[in-house]
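One structure is given below, encoded as structure tokens.
The values are calculated or read from the model by the stated rules, or taken from the named source; none is laboratory data. Fair warning: this is a prediction, and the values are worked out from it, not measured in the lab. No Cβ is skipped: glycine too gets one built from the backbone with ideal geometry, and neighbour counts run over all protein chains shown. Heavy atoms of the whole protein, side chains included, go into the accessibility calculation; ligands, DNA and RNA do not. Shrake-Rupley method; radii C 1.70, N 1.55, O 1.52, S 1.80 Å.
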Amino acid sequence: MSPTTPSTTPSTATAAVTSSRRTIEYRGVPAPAPAPGTAVVRMASVTLCGTDAHIWDDDYATDLPIIQGHEAAGTIAALDAADATGAGGGWAVGDRVAISPMVYCGTCHACSIGRVNACRHMSVYGCYEDGSLVTEQAVPLQKLYRIPESLSLDLAPLHEPLSIAMQAVNRGRATAGERVLVSGAGPIGLLATVYLKDLGCDVTVSDMNADRLALATAMGADRTLTVSREEFPTPAQQTELDELTGGDGPSLVIDATGAPVSVATGIDLVATAGRVVCVGISDQELRLTLRTLPVKEIDLLGSRNSQNLSGEALELLDRHQHTIAGLLTHRFAFEDLDAAFESLVDPSAGVGKIAIDFPAVTTTPEGDTRP
């Protein structure tokens, strides 16, 4: 028996296919075989995000049917013999890995200047091509990141949204001691808070939802502000921000809402010569006077995906795993995806992040993987 091709690798894998709006079908698909430069990953955990909800609802720029899942981690089940000898970077059957789902061309203008996260021909596993809601997936070795030994496997998929949050913070050039406002206490805003605190920033988080603001406090926010539909900031909140910043306003605003009114408020609140980073996405129009940007001379920046930050995200996740674990509010078995997606789109469910757990496997000393 070869350790690179376990004898118990099944001839078929099970894929959860989003075949039409709010319809998931479990299908048997040919099990992937190890090929040069790729590994077969036995999936352990996948986490869901708002993009998954839009795809499931057939409200996204992708075509159905598709296998969803872009936040994933598992173990290597099989390797090509040449890669197992060390030519592929020293990978071995049984290694715990996180998958970077971003695929870029490497030749467009953005890629040519190192901004691969903004590739003109961008693709993402589980969003624009088949992803990780499948029991086994063939993944190029360069898309795999080794999971730190002390990091729980079921937390590792969070490296993907964490890398997106890190990209937004990096775009804003955050520095220790800065006063930062994070607008929106969804997963990206909360993970940005963790990273900002790791960098030594003072962080204020605003949101309309009290439960999310409680999560922000648990993630390390120095203070939270409740957003009212009628007025934000209120006079009392404005006074608090003025006292905090000497009347200047925060020097950096990270907007993770995608709501035009939130972005406009951030532009009003940010200090002169400050930076506003928009990581939230929507199709709504943002309107500004052409006086605002030049007079305040602010940097208004977009942020998308990450510049291959998965490795750094795993290290950050490892350092703060006990804090970030609080973001995982719901867990479902792979067989219960219908219930998982129903909870994902239910505003009353109190979802932070949902994790999907795959059937457990054990690994023998010989490297044989058995269900």
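Quick one: Cα convex hull volume of the stretch 231-371, Å³ per residue?
197
Near the amide H of Val17, under 5 Å away, which other amide H atoms are found, from residues 5 or more places off or on another chain, if H is placed in the peptide plane?
Sorted by chain and number, the residues that satisfy this are Glu25, Tyr26, Arg27.
Sum up the charges of everything whose Cβ sits under 15 Å from the Cβ of Asn117, counting Lys and Arg as +1 and Asp and Glu as -1, but leave Asn117 out.
Working: positive: Arg115, Arg120, Lys143, Arg171, Arg304; negative: Glu160, Glu312.
Computed value for this residue: +3.
Given R₀ = 25 Å, what would the calculated FRET efficiency be for Ile113 paired with Asp299, taking r from the Cβ atoms and rounding to 0.05?
Working: r = 18 Å, r/R0 = 0.71.
Once rounded, the FRET efficiency stands at 0.90.
Less than 10 Å Cβ to Cβ from Val182, Lys/Arg counted +1 and Asp/Glu -1: what total charge do the surrounding residues give?
-2
Can you tell me the dipole magnitude for the stretch 187-330 around its Cα centre, using point charges on the Cβ only (Lys, Arg +1; Asp, Glu -1), in Debye to the nearest 20?
So the dipole magnitude of the stretch 187-330 works out to roughly 240 debye.
Mind ordering 17-27, 189-199 by average Cβ neighbours within 10 Å, highest first?
189-199, 17-27
Could you size up the charge dipole of the chain around its Cα centre, putting +1 on the beta carbon of Lys and Arg and -1 on that of Asp and Glu, and report it in debye to the nearest 20?
680
To the nearest 10 square angstrom, what accessible area does Thr239 show with a 1.4 Å probe?
So the heavy atoms of Thr239 present about 70 Å² to solvent.
With the full set of protein chains in place, find how many percent of the accessible area of the stretch 243-321 is carbon and sulfur; take the probe as 1.4 Å.
48
Ranked highest first by average number of other Cβ atoms within 10 Å, how do 307-319, 129-141 line up?
The packing order, highest mean first, is 129-141, 307-319.
Under a Cβ-Cβ cut-off of 14 Å, what is the net charge of the residues other than Glu335 that fall near it, where Lys and Arg count +1 and Asp and Glu count -1?
Working: positive: Arg27, Arg331; negative: Glu25, Asp336, Asp338, Asp357.
So the surrounding residues net to -2.
Determine the gain in length on full extension of the stretch Ala273-Glu342; use 0.36 nm per residue of separation and subtract their C-alpha separation, reporting nm with one decimal.
Numbers: separation 69, 0.36 × 69 = 24.84 nm, distance 4.37 nm.
In short, 20.5 nm is gained.
Loop only per DSSP, at most 14 neighbouring Cβ atoms within 10 Å: give me the GluC sites (Glu not before Pro) in the stretch 159-262, ordered by residue number.
The qualifying sites are Glu230, Glu231.
For the Cα atoms of the chain, what angle does the longest principal axis make with the long axis of helix 310-319, in degrees from 0 to 90, nearest 10?
Helix 310-319 sits roughly 80 degrees off the main axis of the chain.
Between Ser228 and His322, what length comes free when the chain is fully extended (0.36 nm per residue of separation minus the Cα-Cα distance, one decimal in nm)?
In short, 30.7 nm is gained.
If you fit an axis through the alpha-carbon atoms of helix 260-269 and take the longest principal axis of the Cα set of the chain, what angle between them do you get, 0 to 90°, nearest 10?
Taking Cα atoms only, the helix is inclined about 50 degrees.
Please compute the per residue accessible area over the chain with all protein chains in place, 1.4 Å probe, rounded to a whole number of Å².
In whole numbers, the chain has 44 Å² accessible per residue.
For the stretch 203-266, count all C-alpha to C-alpha pairs, find those more than 15 Å apart, and express that count as a whole percent of the total.
Cα-Cα pairs in the stretch 203-266 separated by more than 15 Å: 54 percent.
How tilted is helix 187-199 with respect to the longest principal axis of the chain? Cα atoms for both, answer in degrees (0 to 90, nearest 10).
In the chain, helix 187-199 runs at an angle near 80 degrees to the longest axis.
Between Asp63 and Ser123, 0.36 nm times their residue separation minus their Cα-Cα distance comes to what?
20.3 nm
Rounded, prolate or oblate: which fits the chain, taking a ≥ b ≥ c as square roots of the Cα gyration tensor eigenvalues, rounded meaning a/c under 1.5, else prolate when a/b beats b/c?
The shape class here is prolate.
Can you grab the distance from the C-alpha centre of the stretch 274-298 to the C-alpha centre of the stretch 166-226, Å, no decimals?
Computed from Cα coordinates, the inter-centre distance equals 19 Å.
Please list Thr323, Thr265 in order of solvent-accessible area, largest first, computed with a 1.4 Å probe with all protein chains present.
Highest to lowest solvent-accessible surface, that is Thr323, Thr265.
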